[in-house]
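Values in this text are rule-based calculations from the coordinates and carry no lab data. A quick note: this is a predicted structure, and the numbers were derived from the prediction, not measured. Cβ: placed from backbone, ideal geometry, glycine included. Neighbour counts: every protein chain shown.
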Amino acid sequence: MKPAPFRYHRPGSLAEALSLLSKLDDAKLIAGGQSLAPMMNMRLVTPAELIDLSEIAGLDKIVEADGFIEVGALARHHQVASSAVIKQHCPLVAVAAATIGHYAIRTRGTLGGSLAHADPAAQLPLVAATLAAEIVLAGPRGERRIAARDFFVSLMATALEPSEMIVAARFPKSPPGERHAYLQFSR
């Protein structure tokens with residue numbers, strides 16, 4: 001099956017993306033498309049407008065700041081899994097990201113997409129809530145931060161407003177001596 005018709009937009013900046021998001025009705029954001037594209041192909045989601053974030057510079061950064069590791073929304077799962085900074089300061093995040101799908105999924109899927117879809121079977125929403133991460137959102141009223149446990153409202157539902165987008169997640173650095181384990185069971 002193929003997706004329903006939609007209009008495609010490719011903003012070059014965060015400001016342009018937010019402007020489109022606030023002006024367009026029935027718009028969805030896409031960067032990696034690992035969750036959204038299959039849903040569109042099965043016509044479970046049929047947006048009239050598709051805003052491609054993949055060309056926005058700077059939203060894939062991984063930086064150390066204020067006792068946190070800030071991971072940009074466009075950071076690919078492979079980038080998160082292989083980041084030396086994340087492995088050192090938030091190893092649970094790296095381990096979980098390394099278990100997402102297969103290699104092709106990890107090289108295209110993004111942290112922001114995983115968090116925005118809030119799929120209960122996804123690794124990163126669980127890890128974000130467990131580690132008391134903050135989700136950084138941008139919208140017409142500026143930037144706001146929300147605790148991951150408050151961001152995930154229900155299955156596949158978040159506190160994200162229609163005119164907002166995720167720009168980053170801030171994971172607290174693990175204190176020295178703290179240990180985590182991540183096990184995934186499947187059949």
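Numerical summary
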item	result
Per-residue Cβ neighbour rank within 10 angstrom, fewest leading, Met156, Met165, Met1	Met1, Met156, Met165
Exposure proxy ranking, count of Cβ atoms within 10 Å, fewest first, for Glu143, Glu49, Glu134	Glu143, Glu49, Glu134
Relative contact order, percent, the chain [alpha-carbon distance under 8 Å, six or more residues apart]	21 percent
Rg/Rh (Cα only; Kirkwood hydrodynamic radius) as it applies to the chain	0.96
Whole-Hz ³J(HN,Hα) from phi, Karplus 6.51 cos²θ - 1.76 cosθ + 1.60, for the range 29-42, glycine and proline x	9, 9, 9, x, x, 5, 9, 5, 4, x, 5, 5, 4, 8
Within the range 7-172: Cβ-based charge dipole about Cα centre, in debye rounded to nearest 20 (Lys, Arg +1; Asp, Glu -1)	320 debye
Share antiparallel - DSSP beta bridges, the chain, percent rounded to 5	75 percent
Placed amide H near Ile69: partners under 5 Å, 5+ positions off or other chain	Phe171, Lys173
GNM top mover of Pro120, Pro175, Pro11 - the chain, alpha-carbon springs below 10 Å	Pro175
Unit charges at the beta carbon, dipole of the chain: most positive-side option, Ala168, Leu183, Gln34	Leu183
Top of Arg106, Arg141, Arg170 by mean-square fluctuation, Gaussian network on the chain, Cα under 10 Å	Arg141
Centroid-to-centroid separation of the range 51-117 and the range 1-44 [C-alpha atoms, Å]	20 Å
